[in-house]
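Report on one structure; see the data block that follows.
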Amino acid sequence: MTIKSRFLIFTALILLTTSFFSWLSMQMLAEGIIASWVERYAEKQVKYDKVRTLLPLIQEVNLSKEFAELESLKAWAKQPYNDVLKQQAFDDTEAFRSRFSDNSYFIALRGSERYYYSDDSKYQNTNKDESEKEFYRYTLDQNKTADSWFYSIIDIKLNLHLNVNPDVELGVVKLWSDVLIRDGEDILGVVGTGLDLTTFLSKMVNEQDIYSAIVFTDHDGSIQLYQKEELIDYASITKQSNNKKQIFQLLDDDSSREQLQKSFELAKLQPDNVEMARVNKDGVSQLASVIYIAEIDWFQVNFIDINSFLPWTEFSSLLVVFLISLVCALVTIYVLITLIITKPLNELERSICSLEKGKYHEPKLNFFAGREIKRLISKYKKISLSLLEYQQELEQKVIERTEKLDHLSKLDPLTSLFNRRGFKVHMTQYIKNWQDHHQPFSLINVDINQFKKVNDEYGHAVGDLLLQRIADYLKNIVGNGGEVSRWGGDEFLILVKGTSNVGEDNTDLSILNQLLSERESLSIEVNSQEVLIAFSVGSTEVKGNDSLEDMLNRADKAMYSMKFSRKG
């Protein structure tokens, strides 16, 4: 029997025993547990709904505050009839507009009492000049009820105000965030943005938990957000208390209203706490959880119907639920054992098999893998990676040393020039380039005259030093124009790119002229003695289907022809 099977059997026996005693005690504790659980649920739900609602609102409020601090906007608000300042302000506000979630903003200036609005649509007002026609909407009137919000905010010097209000002139209903434009103590106007009420309700209120109903109110209980739009109290700041639609009107009796009012007062004293109140609403007993949102001076209220949350009839079938839970628990344990133990061990086995083949397969561990197995596999990773790294280092060293030996085998140890083997590699490539792409080149044979005499007169050490100096000299005059090699003894070969034909690339001709013109003047100081160097030089260009031997023979003949002519 495997470890997995034995573990499942023992687990089943334990669960059966504990489930039986749990079922006996559950009915006795059910009422208290349900009540306590519902309260905790309500507390967490209201805090969750607060965060869910607060984030987009706070973002818009902070953007509105930042918008009100635009220097160009303040400058224009001080001189509302200055067209230059107005244009500068609109340039900045239009650049800012895309940061608002609704891509819109409004500006209401105290000095001119004009209301400006901008969004994605292209509003055209042909009665105004070109600079205003896309932003100017209407002129505020203190005697109009629809405009009283503007004057009320300024009169009470309310730095921030949130309200739900229909704008008849614009034909929209939005949740507005209003912020004062201030210059010190002076109030220059009101700016802000709006969230489309229908969209906001759909996201924040209608998409709520099935067991609760969410209501948002202002500081005195006037309803600002609710799934029933007809109960929203628009433009609350302009109304008297007896004309407002308040949350207390949703309750069935005065006792419930007093309890909710008391919860409002306590919640405002401790904004982070959730206050609970048992109230009667819609003919049933409900739990009202209240939290104060200090950032926007609103209250959030969640109503939960306790009776529908968990009906008592469900407890009669607890035994069946326990049996189903047992099966589910066993299945879960089986899956967990697979995830925690079996699957990680299989991954480790696969990785070990790969390591035997000289490859590393990293074991893929899931989130549920046991801590002990993770430590084991972590140590295995370090060991296996170290082994593979050591193996790769050895292989790389072998490659590097092989390449180094191969390179050294192509160099003359005395002069560090290419030897015969290295020179033949380059010569073969030059001939291939000639045959494939007709890239011309020349071969120069350079022989040191009277080199044996130098060896006999000064010794082989001086002769070696002389060969090194001559090698440096040849590399210097050839530069990047070709390749230099020591063919043997006192004989050097030079591969020169290009041609010596007149009017074309004259690298070959230039090198020949230097070697020939300086044959009498080139001297090397050895042991404080000046040794004159003379060269016999032969040159040939690649032709037709030349081979390496063909060019070597022609260059050799040309060199000896010069050497013998000089003797003659």
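The values are calculated or read from the model by the stated rules, or taken from the named source; none is laboratory data. Everything numeric in this text was worked out from a predicted model, so none of it was measured. We place every Cβ from the backbone using ideal geometry, glycine too, and count neighbours over all the protein chains shown. Only protein heavy atoms, including side chains, enter the accessible area calculation; ligands, DNA and RNA are left aside. Shrake-Rupley method; radii C 1.70, N 1.55, O 1.52, S 1.80 Å.
Some values worked out for this structure:
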quantity: Any hit, the stretch 202-214, residues being at pLDDT 85 or above and either loosely packed, with under 15 Cβ neighbours inside 10 Å or out of contact with any Gly (no Cβ under 6 Å at 6 or more places or on another chain) (or both); calculated: no
quantity: Positions within the stretch 358-375 being farther than 14 Å from K343 by Cβ and open to solvent by 80 Å² or more (accessible area, probe 1.4 Å), in sequence order; calculated: K359, E362, R371, E372, R375
quantity: Qualifying positions in the stretch 262-277 - touching a helix residue (DSSP H, G or I) at 6+ places or on another chain (Cβ under 7 Å) and open to solvent by 10 Å² or more (accessible area, probe 1.4 Å); calculated: N273, V274, E275, M276
quantity: Sole exception among (1) loosely packed, with under 15 Cβ neighbours inside 10 Å; (2) over 21 Å from F299 (Cβ atoms); (3) out of contact with any helix residue (DSSP H, G or I) (no Cβ under 9 Å at 6 or more places or on another chain) for E71, by number; calculated: (3)
quantity: The stretch 278-295, residues that are open to solvent by 20 Å² or more (accessible area, probe 1.4 Å), in a strand (DSSP E or B) and among the small types (G, A, S); calculated: S285
quantity: Candidate set: the stretch 105-115, residues that are out of contact with any Ser or Thr (no Cβ under 6 Å at 6 or more places or on another chain) and surrounded by fewer than 21 Cβ atoms within 10 Å (Cβ to Cβ); chosen: the one nearest to L57 (Cα to Cα); calculated: R110
quantity: Residue in the stretch 224-233 that is open to solvent by less than 60 Å² (accessible area, probe 1.4 Å) and modelled with pLDDT of 90 or more present; calculated: no
quantity: Of all residues making up the stretch 395-440, the number that are outside any helix (DSSP H, G or I), open to solvent by 100 Å² or more (accessible area, probe 1.4 Å) and closer than 18 Å to F492 by Cα; calculated: 1
quantity: Sole exception among (1) closer than 30 Å to R554 by Cβ; (2) assigned to a helix (DSSP H, G or I); (3) without any contact (Cβ under 8 Å) to a residue 40 or more places away in the chain for L385, by number; calculated: (1)
quantity: Candidates F248, F299, filtered to the one that is within 42 Å of the chain's Cα centre (by Cα), open to solvent by less than 70 Å² (accessible area, probe 1.4 Å) and touching a residue at least 24 places away in the same chain (Cβ under 8 Å); calculated: F299
quantity: Checking A369 against (1) modelled with pLDDT under 75; (2) under 30 Å from Q468 (Cβ atoms); (3) not charged (D, E, K, R), the condition it does not meet; calculated: (2)
quantity: Residue check for L443: under 17 Å from L509 (Cα atoms), crowded, with 19+ Cβ neighbours inside 10 Å and in contact (Cβ under 8 Å) with a residue 24 or more places away in the chain; calculated: yes
quantity: Residues located in the stretch 542-568, provided they are crowded, with 18+ Cβ neighbours inside 10 Å, touching a Ser or Thr at 6+ places or on another chain (Cβ under 6 Å) and among the charged types (D, E, K, R); calculated: R554
quantity: Selection within the stretch 80-101 - among the polar types (S, T, N, Q), touching a residue at least 24 places away in the same chain (Cβ under 8 Å) and open to solvent by 50 Å² or more (accessible area, probe 1.4 Å); calculated: Q87, S101
quantity: Unique match (being in a strand (DSSP E or B), under 17 Å from S536 (Cα atoms) and over 58 Å from the mean Cα position of the chain (by Cα)) among L443, L466; calculated: L443
quantity: Of residues in the stretch 470-498 being within 59 Å of the chain's Cα centre (by Cα) and more than 27 Å from K432 (Cβ to Cβ), the one surrounded by the fewest Cβ atoms within 10 Å (Cβ to Cβ); calculated: N476
quantity: Boolean, G538 is modelled with pLDDT of 85 or more and either over 25 Å from R469 (Cα atoms) or surrounded by 11 or more Cβ atoms within 10 Å (Cβ to Cβ) (or both); calculated: yes
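The rows are residues; the columns are (1) open to solvent by 50 Å² or more (accessible area, probe 1.4 Å); (2) modelled with pLDDT of 75 or more.
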| site | (1), (2) |
| --- | --- |
| L15 | no, no |
| W23 | yes, no |
| V51 | yes, no |
| P56 | no, yes |
| E60 | no, yes |
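Rundown of residues vs (1) at pLDDT 90 or above; (2) in a loop (DSSP other than H, G, I, E, B); (3) more than 37 Å from the chain's Cα centre (by Cα), yes/no style:
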position	(1), (2), (3)
S152	no, no, yes
L158	no, yes, yes
L170	no, yes, yes
V179	yes, no, no
